[in-house]
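Novice: A single structure is presented below for examination.
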Amino acid sequence: MGNEIKQNFKYVFLGHFVIGMTYGLLLSLFPAWFGSISNWPYEEFYFTRLSGVLMLANSVGSILAFRETEWERVDIYVKQMIVWFFLGTIVDIYAIIAISHVFVMWINLTVIIGLLGVFVWIYMKHK
């Protein structure tokens with residue numbers, strides 16, 4: 001495969017941007033609501049909001065990657081997202097086992113595993 005990013009891969013970045021902005025805004029602006037639906041301990045909102053801001057920052061990276069045309073310019077970002085979603089999968093599995101068994105946490109885990117799979121797929125196709 002050449003240096004150009006395939007069009008369908010670019011839409012993965014766009015999809016991640018929308019998903020990340022949604023989660024990021026919910027965690028940043030409505031931490032108590034998110035904590036209540038996920039049965040997450042939320043007495044202190046700092047870490048919930050910090051997680052939201054991290055998701056917003058990663059989302060901005062995806063919209064910037066969507067605008068790029070050359071693989072070399074997004075390679076490091078794709079690797080970062082693979083690490084982010086791999087570690088996020090581990091943390092979510094722990095959270096489901098040790099903290100919360102509610103349905104929302106399973107949805108979150110499914111989204112993270114899906115995004116991990118898509119970013120690994122993109123990376124493998126361009127490797």
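The values are calculated or read from the model by the stated rules, or taken from the named source; none is laboratory data. On a predicted model such as this, the values are computed, not experimentally measured, just so you know. Virtual Cβ from ideal backbone geometry, glycine too; neighbours counted across all protein chains shown. With ligands, DNA and RNA removed, areas are computed over all heavy atoms of the protein, side chains included. Shrake-Rupley method; radii C 1.70, N 1.55, O 1.52, S 1.80 Å.
Novice: Among Met55, Met105, what's the order by accessible area (1.4 angstrom probe), most exposed first? Don't jump to the answer; show the numbers that get you there.
Specialist: Numbers: Met55 50, Met105 10 Å².
So the residues, ranked largest to smallest area, are Met55, Met105.
Novice: Oh, and also: Short version: ³J(HN,Hα) in whole Hz for each residue of the range 114-122, in order, from phi by Karplus 6.51 cos²θ - 1.76 cosθ + 1.60 (θ = phi - 60°), x for Gly and Pro, what are they?
Specialist: Values per residue, Gly and Pro as x: x, 5, 4, x, 5, 5, 5, 4, 4 Hz.
Novice: For Arg67 and Thr22 in one chain, what is 0.36 nm times their gap in residues minus the Cα-Cα distance, to one decimal in nm? Walk me through the intermediate numbers first.
Specialist: On the way: separation 45, 0.36 × 45 = 16.20 nm, distance 1.98 nm.
Residue separation times 0.36 nm, minus the Cα-Cα distance, leaves 14.2 nm.
Novice: On a C-alpha basis, how far is the centre of the range 82-127 from the centre of the range 55-72 in Å? Whole number, if you could?
Specialist: Cα centroid to Cα centroid, the span is 19 Å.
Novice: So if we plug the beta-carbon distance of Val60 and Ala32 into 1/(1 + (r/R0)^6) with R0 = 35 Å, what FRET efficiency do we get, rounded to 0.05? Provide the component values of the computation, followed by the final result.
Specialist: Numbers: r = 25 Å, r/R0 = 0.72.
My answer for the efficiency is 0.90.
Novice: Now for a separate question. For the range 16-68, which GluC sites (Glu not before Pro) are both in a DSSP coil and crowded by at most 13 other Cβ atoms within 10 Å? Provide the component values of the computation, followed by the final result.
Specialist: Working: sites: Glu43, Glu44, Glu68; in loops: Glu43, Glu44, Glu68.
Answer in residue order: Glu43, Glu44.
Novice: Treating the angle as unsigned and between 0 and 90°, give the value, to the nearest 10°, between the Cα long axis of helix 75-98 and the longest Cα principal axis of the chain.
Specialist: Its long axis makes an angle of about 20 degrees.
Novice: Cα convex hull of the range 76-127: mean projected area in nm², to one decimal? Walk me through the numbers on the way to the answer.
Specialist: Working: hull surface 13.3 nm².
Here the figure is 3.3 nm², rounded to one decimal.
Novice: Using only the Cα atoms of the chain, construct the convex hull and provide its projected area averaged over every direction, in square nanometres to one decimal. Display every interim value, and only then the final one.
Specialist: Details: hull surface 29.2 nm².
Hull-based average projected area comes out at 7.3 nm².
Novice: Another question, then. Of Gly117, Tyr46, Ala57, which is farthest towards the positive pole of the range 32-127's charge dipole, taken about the Cα centre with +1 and -1 on the beta-carbons of Lys, Arg and Asp, Glu respectively?
Specialist: Checked the options; the winner is Gly117.
Novice: Carbon and sulfur together cover what percent of the accessible area of the range 53-127 at a 1.4 Å probe radius?
Specialist: Values: 3250 of 4400 Å².
Taking all protein chains in place, the range 53-127 shows 74 percent carbon and sulfur surface.
Novice: Next question. Kindly state, as a whole number, the per residue volume in cubic angstrom of the convex hull around the alpha carbon atoms of the range 1-54.
Specialist: 96
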